[in-house]
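Derivation of every value follows stated rules applied to the coordinates shown; laboratory data play no part. Worth saying up front: this structure is predicted, and the values here are computed from it rather than measured. Reconstructed Cβ throughout: ideal geometry from the backbone, glycine too, with neighbour counts over all protein chains shown.
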Amino acid sequence: MAIRCVVLDFDGTFTDVAAEGAPFVQHFRRRLSEVLGRDVMEAGWGEVEAGVVESAGSQEHGWEVGGRVVAPALADPFLLSNFVARRLCDKLGVLTDKAERVSLLDGLYREAYAQVAMAFKPEAKEVLEALLDTGLPVHVVTNAHTATVEAKLTKLAPRGRERLRVSGDARKFLIEPPTTPDAVFDALPETVRVEGALARPIYLRRGRYYEALRRIWTETDTSPETTLVAGDIFELDLAMPAALGAQVQFVARTNTLEYERRAIAALGARGGMDTSLRAILPRLRG
């Protein structure tokens, strides 16, 4: 079925997340040190991080929300910092109240995110312009704040920028129903598994993300089957749209996990994977 709508993730998909994340990590560590009253680097941050990265079970490590893993810990510096902080707190025996810990780390995350630099991938402007030149509706759906992403896109200034719509605060990590009942959402399986590559389940029912997509489909008179969704984290960006019937393009990271590769391969013609954003463009031609 021909593509009539394009939905793009932002951080890590169109941006160089390692370059952007460096000031985030620095601020996050500094503020956590202040909260704990000790230097987290001296307390073992580096050792904990190395252990996570080198672990044979690294694919299983993840960002937990409500007791469920909702994204891989290694996907980007933001997720990794949050995971390492939790592991370090366990090691030090501090912030043992889980609700207090979650609230504190979430607050530090939001505070540190304000320090994120602007570093687009080299082909970002070229690809955005090519997408906008098609005349198709092109939307960015991201967990980042709308104003932050809008400002970065305005600085990038791709031709046709005024037609690029941004839906921020998508909260793709929340496993909950949408605010209004929806039969399509209710028909989604709760989880999917990547047999032989990942022991834990991948949760599909991400209601806030679904609401953002549903608004786009309603406004553009399109459907999941006529939509291409591009993102750099399979679990957060692509698993639910794929389950809904969308075509997906995985913008592969340098540390792409084996289960992500297998999940994309299992989609056959509906899935694609490449390190370059330019690989999105041929997907529009079928």
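Looking at (1) in contact with a helix residue (DSSP H, G or I) (Cβ under 9 Å, 6 or more places away or on another chain); (2) surrounded by fewer than 20 Cβ atoms within 10 Å (Cβ to Cβ); (3) among the hydroxyl-bearing types (Ser, Thr, Tyr), which one does Tyr209 not meet, given that it meets all the others?
(2)
Can you name the residue in region 150-172 that is among the small types (Gly, Ala, Ser) and touching a residue at least 40 places away in the same chain (Cβ under 8 Å) and is also surrounded by the most Cβ atoms within 10 Å (Cβ to Cβ) among such residues?
Result: Ala170.
Inspect region 249-267 for any residue being of a type outside the set (A, V, I, L, M), surrounded by fewer than 24 Cβ atoms within 10 Å (Cβ to Cβ) and within 15 Å of Val70 (Cβ to Cβ) and give the result as yes or no.
For region 249-267, residues of a type outside the set (A, V, I, L, M), surrounded by fewer than 24 Cβ atoms within 10 Å (Cβ to Cβ) and within 15 Å of Val70 (Cβ to Cβ): present.
Inside region 118-152, can you point out the residues that are touching a Gly at 6+ places or on another chain (Cβ under 8 Å) and either in a loop (DSSP other than H, G, I, E, B) or hydroxyl-bearing (Ser, Thr, Tyr) (or both)?
Thr142, Asn143, Ala144, His145, Thr146, Thr148
Can you tell me which of (1) in contact with a Lys or Arg (Cβ under 9 Å, 6 or more places away or on another chain); (2) under 24 Å from Gly12 (Cα atoms) is the one Tyr210 doesn't meet?
Unmet for Tyr210, out of (1) in contact with a Lys or Arg (Cβ under 9 Å, 6 or more places away or on another chain); (2) under 24 Å from Gly12 (Cα atoms): (1).
From the residues in region 126-149 that are free of Cβ contacts under 8 Å to residues at least 60 places away in the same chain and crowded, with 17+ Cβ neighbours inside 10 Å, which one is farthest from Leu236 (Cα to Cα)?
Top of the filtered list is Leu132.
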